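Notes follow once the structure below has been shown.
No lab work stands behind these numbers, since they all come straight from the coordinates. Quick caveat: nothing in here was measured; it's all calculated off a predicted structure. Here the Cβ positions follow ideal geometry from the backbone for every residue, glycine too, while neighbour counts run over all protein chains shown.
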Amino acid sequence: MGLELIIFIAAIFFGAFLYWRESRGNGLYRFFNKVFNSKELQMKPTDKKGFVYQQTFLVRLIFIGFLFLIGIVITRFLIPIDIATISIFASMIVGTLAGTYLANFVFKSGEVIEEKSDSLEDIVHDTIEKGKDFIEDLKTKDAEVVEDEKEIKEAPKKEEKSARERLKDKGLL
């Protein structure tokens with residue numbers, strides 16, 4: 001269990017590194033795109049898509065699975081010891097996928113913070129002012145409600161007939 005956990009954590013870091021590397025440049029993906037696709041189907045020069053960068057979950061899973069499958073096959077031939085088991089293979093794939101999504105989250109949140117950094121101070125200040133206004137409104141409404149309740153209690157009620165007397169008047173009793 002210890003080796004699998006270490007490999008899982010290392011795979012998370014590998015996935016983050018892989019995502020970061022492909023966000024900077026996708027030369028290997030472009031090479032395979034040129035080899036496998038005709039001129040009309042090749043990606044545009046402005047397209048930043050890579051093996052894991054800007055791909056859907058299923059495509060990432062397939063690319064990462066093949067990457068580790070090839071790595072395990074090479075490892076089995078180079079090292080005859082059976083260290084590449086199914087559980088380690090699954091830990092590597094899941095860890096790498098988690099690392100790519102973690103890196104995506106970090107990069108996107110960094111971009112949003114950079115975009116909103118100027119207006120973030122204004123948003124916080126406006127929120128604090130609205131909160132103060134809301135508290136002041138609650139204080140004034142509470143005072144008005146207390147005064148209204150005093151007026152209602154002070155108003156005399158005219159005497160009405162009881163329910164029994166009304167039933168007798170209708171002839172039901």
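So what's the back-of-envelope 222 nm ellipticity for the chain, counting only DSSP H runs of four-plus at -39500 (n - 2.57) apiece and dividing by all residues, rounded to 500? Kindly include the intermediate steps, with their values, before the conclusion.
Working: 5 runs with 132 residues, N = 173.
Rounded to the nearest 500, it is -27000 deg cm²/dmol.
If you plug each phi of segment 35-51 into the Karplus form 6.51 cos²θ - 1.76 cosθ + 1.60 with θ = phi - 60°, what whole-Hz ³J(HN,Hα) values come out, in order, with x for Gly and Pro?
For segment 35-51, the Karplus-derived couplings read 6, 8, 10, 6, 4, 5, 8, 5, 6, 6, x, 8, 6, 9, 4, x, 5 Hz, x marking Gly and Pro.
So if I place +1 on the C-beta of Lys and Arg and -1 on the C-beta of Asp and Glu, and nothing else carries charge, what would the dipole magnitude of segment 62-131 be about its Cα centre? I want it in debye, nearest 20.
700
Dipole of the chain, Cα-centred, from +1 at each Lys and Arg C-beta and -1 at each Asp and Glu C-beta, to the nearest 20 debye?
Using only the charged Cβ atoms, the result is roughly 1280 debye.
Once the piece of chain linking I6 and F66 is laid out straight, how much longer is it, given 0.36 nm per residue of separation minus the C-alpha distance between them?
19.5 nm
Using only the alpha-carbon atoms, how far is helix 2-24 inclined from the longest principal axis of the chain? Give it as 0 to 90 degrees, nearest 10.
Taking the Cα atoms of the chain, the angle to 2-24 is about 90 degrees.
Among V73, L18, F105, whose Cα lies farthest out toward the positive end of the dipole of the chain, if unit charges sit on the beta carbon of Lys, Arg (+1) and Asp, Glu (-1)?
The residue sitting most towards the positive pole is V73.
Ignoring GluC sites (Glu not before Pro) that are buried or in helix or strand per DSSP, and keeping those with at most 16 other beta carbon atoms within 10 Å, what is the longest stretch of the chain between them?
Looking at the chain, 41-158 is the longest stretch - no exposed GluC sites (Glu not before Pro) with at most 16 other Cβ atoms within 10 Å.
What list of ³J(HN,Hα) couplings, whole Hz, do you get for segment 103-114 from phi and the Karplus terms 6.51, -1.76, 1.60, once you set θ to phi - 60° and write x for glycine and proline?
Couplings: 5, 4, 4, 5, 5, 5, 5, x, 5, 5, 5, 5 Hz.
Specify the angular offset, from 0 to 90 degrees and rounded to the nearest 10, of the alpha carbon long axis of helix 57-78 from the longest principal axis of the alpha carbons in the chain.
Helix 57-78 sits at roughly 40 degrees to that axis.
What is the pair-distance distribution P(r) of segment 6-126, computed from all Cα-Cα distances in 5 Å bins starting at 0, with each bin given as a whole percent?
Values per bin, smallest distances first: 2, 10, 15, 18, 15, 13, 10, 7, 4, 2, 2, 1, 0, 0.
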